[in-house]
Amino acid sequence: MKLGFLASHGGSNMQAILDACASGQIAATPALLVCNNPGATAIERAQNAGMPSRVLNGKTHPEFAELDQAIFQALQQAGVELVILAGYMKKIGPAVLSGYRNRILNIHPALLPKFGGKGMYGMHVHRAVLEARESESGATVHLIDQVYDEGPILQQASVPVLADDTPETLQARVLEQEHKLYPDTIAKVVTGEIPLP
């Protein structure tokens, strides 16, 4: 199976998946990174792994529909079968959504359905978890659809929220789980142990 990645910044989850492909934990080939940010570390990570990358954004394609189509075509040309969102901070357009229906995975830094939705990303999530005085948080791998963070949940991992946690310390513990959960989920999707609709 060929994997395509969409990333905007560091791509640490992408790195965990690239490593899992290299070690044989995931029986798949990383085929393409599409990145909206030409200065992203994710591009460097892709180069180091020998994976091609394309920068596609509002500068290369000012019209959203054009950009959506360009991303879809890039994924198609690379033979991508499963799309992995790895910290991609842009809206996914209808061409990609329909062309890869039930084949786009995302990881969210909380236990969905709690703390999901528009504006709930990165540190905002960890702050909201602490403000709600939750006893646990974690990470969720889910399929994406038209509504933010509402696609079917594939797997979750939880971490305890500690009394002295700050958003930063909670984020670090959740990220550690993300780096295990995301590759594990993808490996199970590839083998069919986790069936996609």
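Read-outs: derived from the displayed coordinates by stated rules, not from any lab. Worth saying up front: this structure is predicted, and the values here are computed from it rather than measured. Methodologically, a virtual Cβ is constructed for each residue, glycine included, from the backbone with ideal geometry; neighbour enumeration extends over all protein chains shown.
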remark   = Simple SL model, points at 7 angstrom along Cα→Cβ for Leu162 and Asp145; separation in nm is 3.8
query = Rounded, prolate or oblate: which fits region 1-117 when a ≥ b ≥ c are the square roots of the eigenvalues of the alpha-carbon gyration tensor, with rounded for a/c under 1.5 and prolate only if a/b beats b/c?
reply = rounded
query = Distance in nm between label sites at Lys180 and Gln77, each 7 Å beyond Cα in the beta-carbon direction?
reply = 4.0
query = Between Asn102 and Arg133, what FRET efficiency comes out of the Förster formula 1/(1 + (r/R0)^6) with R0 = 35 Å and r the beta carbon distance, rounded to 0.05?
reply = 0.50
request  = Provide the gained length on full extension for the span Val55 to Ser12, in nm with one decimal, where the gain is 0.36 nm per separating residue minus the Cα-Cα distance.
outcome  = 13.7 nm
ask   = Which lysines does Lys188 reach when only Cα atoms under 30 Å apart count, and residues fewer than 8 places away in its own chain are ignored?
value = Lys2, Lys90, Lys91, Lys114, Lys118, Lys180
inquiry  = What's the magnitude of the charge dipole for region 110-150 around its Cα centre, counting Lys and Arg as +1 and Asp and Glu as -1 at the beta-carbon? Answer in Debye, nearest 20.
reply    = 140
message = How much length would be gained if the chain were fully extended between Glu66 and Thr191, taking 0.36 nm per residue of separation minus their Cα-Cα distance, in nm to one decimal?
response = 41.6 nm
Size of electric dipole in region 1-69: Cβ of Lys, Arg +1 and of Asp, Glu -1, about Cα centre, debye, nearest 20 = 140
Dipole magnitude of the chain about its Cα centre (Cβ charges: Lys, Arg +1; Asp, Glu -1), debye to nearest 20 = 400
task = Considering the options Gln25, Gly58, Pro183, tell which one lies farthest towards the positive end of the dipole of the chain, charges being +1 on Lys and Arg and -1 on Asp and Glu at the Cβ, about the Cα centre.
result = Gly58
query = Hey, what did the chain get for relative contact order, percent, Cα under 8 Å, at least 6 apart?
reply = 21
request  = Would you mind getting me the FRET efficiency between Ala22 and Tyr121? Use the beta-carbon distance for r and R0 = 30 Å, nearest 0.05.
outcome  = 0.60
